[in-house]
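Comments concern the structure below.
The values are calculated or read from the model by the stated rules, or taken from the named source; none is laboratory data. As the structure is a prediction and not an experimental result, all values here were calculated from the model. Ideal geometry is used to build each Cβ from the backbone, glycine not excepted, and the neighbour counts take in all protein chains shown.
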Amino acid sequence: MPAPTVTLFVRYPEAGQAKTRLIPVLGEEGAAALHKRLAERTVETMRASGLPMELRVTGAGPAEFAEWLGDDLSLVDQGDGDLGERMARAATPPRIFIGSDCPDLSVEHLHAAATALGDSDVVIGPAEDGGYWLLGFTSPCNDVFVDMAWGTDTVLPETLRRLAAKGIEPILLEMLSDCDRPEDLERWPDLSVSHRANER
C-alpha cells in the first residue's frame, strides 16, 4: 500500500470567521490568532512526518493560503456541504483526515495512523468531546458519513456503529482533546496568550 496522504481541512484565519466559539472570551481577533497558530503548528507537524500531504481550504483562495503557509503545498478548495460531503470529495484512498484543532497532534500520531492502515481498513483518533481528531481509510467509506450529526458527542459512537454494520473494526489511537471551547484554553497556556492579554 502506498503511504497515505494526510489531508488537513483548514479555514483561513479571518477575524469573526475562525474559532467562533472562542470569540466571547478572546474576541474576534484573538480567536482568529489562536486558529492561525494552531493551523501553522499542524502544518509543521505534517511536514515533519514526511507523509504526502494536502490542504483542503476554505475562507480564502489558494493564493492567500500559499502566501500564509507556503507555496510548496497542495491546496484544494473544500467546496460546499457538511464535513462528510467535503471528505467524500477528497476520499481517494489511502488517506488520513485531520483538522487544525488538536494542539497535541504529533509526528508520532501521524506515523501510528499510517502504520494502523496496514492492519485495518479504518483508523480513528478519538477526541474527548465525542468526535475524532483523525480519521484514516484504505478504501472509500463515504456512505458511513451521510446524515451525521457533526459537532455533537454522538459522532464517534455513531461512526463505530455504522462501521460495525459494514463489518469493519477500526484501530483506535489514543484519545486527545481539541481546543474549541473557552474551558479548553487553560490546557495549553502557550496558545492562550491572547486570552490572558484580553483579561488584563
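For the range 106-200, which helices (runs of 4 or more DSSP H) that fit wholly inside it have 3 or more residues that are under 25 Å from Glu85 (Cα atoms) and either hydroxyl-bearing (Ser, Thr, Tyr) or in contact (Cβ under 8 Å) with a residue 60 or more places away in the chain (or both)? Ranges flagged: 107-116. When residues in the range 1-58 are screened for being in contact with a Phe, Trp or Tyr (Cβ under 9 Å, 6 or more places away or on another chain) and either of a type in the set (Ser, Thr, Tyr) or assigned to a strand (DSSP E or B) (or both), 10 of them pass. When Ala164 is tested against (1) over 15 Å from the mean Cα position of the chain (by Cα); (2) of a type in the set (A, V, I, L, M, F, W, C); (3) closer than 24 Å to Thr42 by Cα; (4) surrounded by fewer than 16 Cβ atoms within 10 Å (Cβ to Cβ), exactly one condition is not met: (3). No other residue among Ser194, Ser177, Ser106 is surrounded by 12 or more Cβ atoms within 10 Å (Cβ to Cβ), of a type in the set (Ser, Thr, Tyr), at pLDDT below 90 and more than 20 Å from Ala90 (Cβ to Cβ) apart from Ser194.
Please work out if Leu73 is more than 24 Å from Met175 (Cβ to Cβ), among the hydrophobic types (A, V, I, L, M, F, W, C) and free of Cβ contacts under 8 Å to residues at least 40 places away in the same chain.
So Leu73 passes the test.
Of everything in the range 134-161, what is exposed (fewer than 13 other Cβ atoms within 10 Å of the Cβ) and either over 30 Å from Ala32 (Cβ atoms) or touching a helix residue (DSSP H, G or I) at 6+ places or on another chain (Cβ under 6 Å) (or both)? Give them in sequence order. Ser139, Asp143, Val146, Asp147, Trp150, Pro157, Arg161 - these are the residues of the range 134-161 that are exposed (fewer than 13 other Cβ atoms within 10 Å of the Cβ) and either over 30 Å from Ala32 (Cβ atoms) or touching a helix residue (DSSP H, G or I) at 6+ places or on another chain (Cβ under 6 Å) (or both).
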